[in-house]
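Since the structure comes first, as structure tokens, the remarks are kept for the end.
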Amino acid sequence: MTKLKWGILGAARVNERLLPAIIEASNSELVAIASRRDGAAKATLDKYAPCHPNVSCYDDMDALISDKNVDAIYCPMANNEHAAWALKAINAGKHVLIEKPMALTVTDINAIEAAAIKNNVKVMEGFMYRFHPQHTRVKEIVESGLIGDVLSCRASYSFLMRPARMYRIASGVKEGGGAMWDIGPYAIHSLRWAFGLEPVSVVAHAKLNEVGADIVTSGVLDFGCDAEGRARFGHFDISFERSRKSEYEIIGTKGWVKCLAAWVFQNDVPVISWALEDGKYAEERFAPSNHFTLEIEHFSDCVLNNKTPHLTFADAKANCKTIEAVLQSVSSGGQVSLA
């Protein structure tokens, strides 16, 4: 095969970015889309890819899973449905890209991993931001020693909740609703990636709505002391009450580096900045690129050429374990250990 044949399981809003990305990817082909709502799959295709009439549109999700023309499935279902539908697809022999979070519990991720091994298929959690070149450059700066030893990181992700997105807070955190399961995975993921470590404990606070969904959550991840006894903390702040923001900053003993926008649109010119103790300051700009397309191309390459996905099951489980601890801290009002 030179192109991986994709099906999309659901007519979620993220299809606005993901569906065209599959079409744009050099090693991918969109062949099917399904929804449980009558006509929704066809309407989604007509809206985001009107020039591709040869895509099969199903009003039955199981019909897409059983479609022998589909090699891989993108799963953007509701957070609490990811595990069940991913397992259905995997057990049907399909490769699966699961929109973050992969699942709401580490137990479910373990089940997904076991099924993937049994059925010899590739599975990856969908963190599209990681495939943009700007983050590779941030990591290069950190690993070069330019900003010294990393001792502090902060991540701030937010967008203003609008009527069309209210479904995100219609159920409590136990059912996968709220900011922590929606944009929180990005904040936790970027802090873990920045340190290259796993946190040992967390303390967090949140504002909950009437059904138990968090609207705002802030907290501190303790990454333990370094060899010289210096503290390493990661601060995260997520919100549905503020304007769009997806920024993280890594602070070391000699300087800092900042990503001004982890969420970028296809035509955006991403900017990172860094500064040193001696007063040197720089900004670096990157050519526009679609991180959704880069994600699809990466996963398709892994399937077509039998490579291990860049985002592993171990990474997915560590992120989920941390989010579970954050929510436990919110509930208890105290510090929660991850050791």
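The values are calculated or read from the model by the stated rules, or taken from the named source; none is laboratory data. If you're wondering where the values come from, they're calculated on a predicted model, not measured in any experiment. Please note: Cβ atoms are built from the backbone with ideal geometry, for glycine as well, and neighbour counts cover all protein chains shown. In case anyone asks, the SASA skips ligands and DNA or RNA and just uses the protein heavy atoms, side chains included. Shrake-Rupley method; radii C 1.70, N 1.55, O 1.52, S 1.80 Å.
Here's the yes/no breakdown for (1) closer than 24 Å to residue 301 by Cβ; (2) open to solvent by less than 40 Å² (accessible area, probe 1.4 Å); (3) not small (Gly, Ala, Ser):
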| residue | (1), (2), (3) |
| --- | --- |
| 37 | no, no, yes |
| 48 | yes, no, yes |
| 63 | no, yes, no |
| 118 | yes, no, yes |
| 124 | yes, yes, yes |
| 127 | yes, yes, yes |
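For the subset of the stretch 302-314 comprising residues that are of a type outside the set (Ser, Thr, Tyr) and in contact with a helix residue (DSSP H, G or I) (Cβ under 8 Å, 6 or more places away or on another chain), which member is farthest from residue 124 (Cα to Cα)?
307
For the stretch 276-297, give me the residue count where each residue is closer than 12 Å to residue 134 by Cα, not polar (S, T, N, Q) and not in a helix (DSSP H, G or I).
Here the count works out to 6.
Scan the stretch 13-24 for residues that are under 17 Å from the mean Cα position of the chain (by Cα) and open to solvent by 30 Å² or more (accessible area, probe 1.4 Å) and jot them down.
13, 14, 16, 17
Have a look at 143, 175 and point out the one that is open to solvent by 10 Å² or more (accessible area, probe 1.4 Å) and without any contact (Cβ under 8 Å) to a residue 12 or more places away in the chain. Break it down stepwise before answering.
On the way: 175 fails: without any contact (Cβ under 8 Å) to a residue 12 or more places away in the chain.
So the residue among 143, 175 that is open to solvent by 10 Å² or more (accessible area, probe 1.4 Å) and without any contact (Cβ under 8 Å) to a residue 12 or more places away in the chain is 143.
Quick check on my filter: what residues within the stretch 310-339 are closer than 18 Å to residue 203 by Cβ and acidic (Asp, Glu)?
324
Would you be able to say whether some residue in the stretch 245-256 is surrounded by fewer than 16 Cβ atoms within 10 Å (Cβ to Cβ), among the hydroxyl-bearing types (Ser, Thr, Tyr), touching a residue at least 40 places away in the same chain (Cβ under 8 Å) and assigned to a loop (DSSP other than H, G, I, E, B)? Lay out the reasoning, then the answer.
From the stretch 245-256, those surrounded by fewer than 16 Cβ atoms within 10 Å (Cβ to Cβ) are 253-254; that's our starting set.
Imposing the further condition that a residue be among the hydroxyl-bearing types (Ser, Thr, Tyr) reduces the set to 253.
Next, from what is left, pick out any that are touching a residue at least 40 places away in the same chain (Cβ under 8 Å): 253.
Filter once more, so that each one left must be assigned to a loop (DSSP other than H, G, I, E, B): 253.
Yes.
Considering the stretch 209-230 alone, what residues qualify as being small (Gly, Ala, Ser), closer than 25 Å to residue 186 by Cβ and in a loop (DSSP other than H, G, I, E, B)? Explain how you work it out, then say what you get.
If we filter the stretch 209-230 for residues that are small (Gly, Ala, Ser), which is where we start, we get 212-213, 218-219, 224, 227, 229.
Imposing the further condition that a residue be closer than 25 Å to residue 186 by Cβ reduces the set to 212-213, 218-219, 224.
Residues satisfying the conditions are 212, 213, 224.
Looking at the stretch 306-319, is at least one residue assigned to a loop (DSSP other than H, G, I, E, B), of a type outside the set (Gly, Ala, Ser) and on the phi > 0 side of the Ramachandran plot?
To start, the set of residues in the stretch 306-319 that are assigned to a loop (DSSP other than H, G, I, E, B) comprises 306-312.
Adding the requirement that they be of a type outside the set (Gly, Ala, Ser) leaves 306-312.
Add one more test, that the residue is on the phi > 0 side of the Ramachandran plot, and what stays is 306.
The answer is yes; a qualifying residue exists.
Quick one: is residue 27 open to solvent by 10 Å² or more (accessible area, probe 1.4 Å) and either among the basic types (Lys, Arg) or out of contact with any strand residue (DSSP E or B) (no Cβ under 8 Å at 6 or more places or on another chain) (or both)? Even if it seems obvious, please write down each step before you answer.
On the way: open to solvent by 10 Å² or more (accessible area, probe 1.4 Å): yes; either among the basic types (Lys, Arg) or out of contact with any strand residue (DSSP E or B) (no Cβ under 8 Å at 6 or more places or on another chain) (or both): no.
Against the criterion (open to solvent by 10 Å² or more (accessible area, probe 1.4 Å) and either among the basic types (Lys, Arg) or out of contact with any strand residue (DSSP E or B) (no Cβ under 8 Å at 6 or more places or on another chain) (or both)), residue 27 does not qualify.
Determine whether residue 106 is touching a residue at least 12 places away in the same chain (Cβ under 8 Å), of a type in the set (A, V, I, L, M, F, W, C), under 26 Å from residue 316 (Cβ atoms) and open to solvent by 20 Å² or more (accessible area, probe 1.4 Å).
Details: touching a residue at least 12 places away in the same chain (Cβ under 8 Å): yes; of a type in the set (A, V, I, L, M, F, W, C): yes; under 26 Å from residue 316 (Cβ atoms): yes; open to solvent by 20 Å² or more (accessible area, probe 1.4 Å): yes.
So residue 106 fits the description; yes.
Check 47, 68, 42 and return the single one that is at pLDDT 95 or above and on the phi < 0 side of the Ramachandran plot. Step through it out loud before you land on a result.
Working: 47 fails: at pLDDT 95 or above; 42 fails: at pLDDT 95 or above.
That would be 68, the only listed residue that is at pLDDT 95 or above and on the phi < 0 side of the Ramachandran plot.
Would you pick out the residues in the stretch 205-244 that are more than 24 Å from residue 150 (Cα to Cα) and open to solvent by 80 Å² or more (accessible area, probe 1.4 Å)?
Scanning the stretch 205-244 gives 205, 207, 208, 210, 241, 242, 243, 244.
Which one of the conditions (1) over 23 Å from residue 339 (Cβ atoms); (2) open to solvent by less than 20 Å² (accessible area, probe 1.4 Å); (3) polar (S, T, N, Q) does residue 201 fail to meet, given that it meets all the rest?
Only one criterion is unmet by residue 201, namely (1).
So, of the residues in the stretch 1-12 that are open to solvent by 10 Å² or more (accessible area, probe 1.4 Å), within 20 Å of residue 305 (Cβ to Cβ) and not polar (S, T, N, Q), which turns out to be nearest to the chain's Cα centre (by Cα)? Explain how you work it out, then say what you get.
The first filter runs over the stretch 1-12 and keeps only residues open to solvent by 10 Å² or more (accessible area, probe 1.4 Å), leaving 1-3, 5, 11-12.
Retained after the next criterion (residues that are within 20 Å of residue 305 (Cβ to Cβ)): 1-3, 5.
Going one step further and asking which of them are not polar (S, T, N, Q), we end up with 1, 3, 5.
Working: 1: 28, 3: 24, 5: 22 Å.
Per the stated criteria, the residue is 5.
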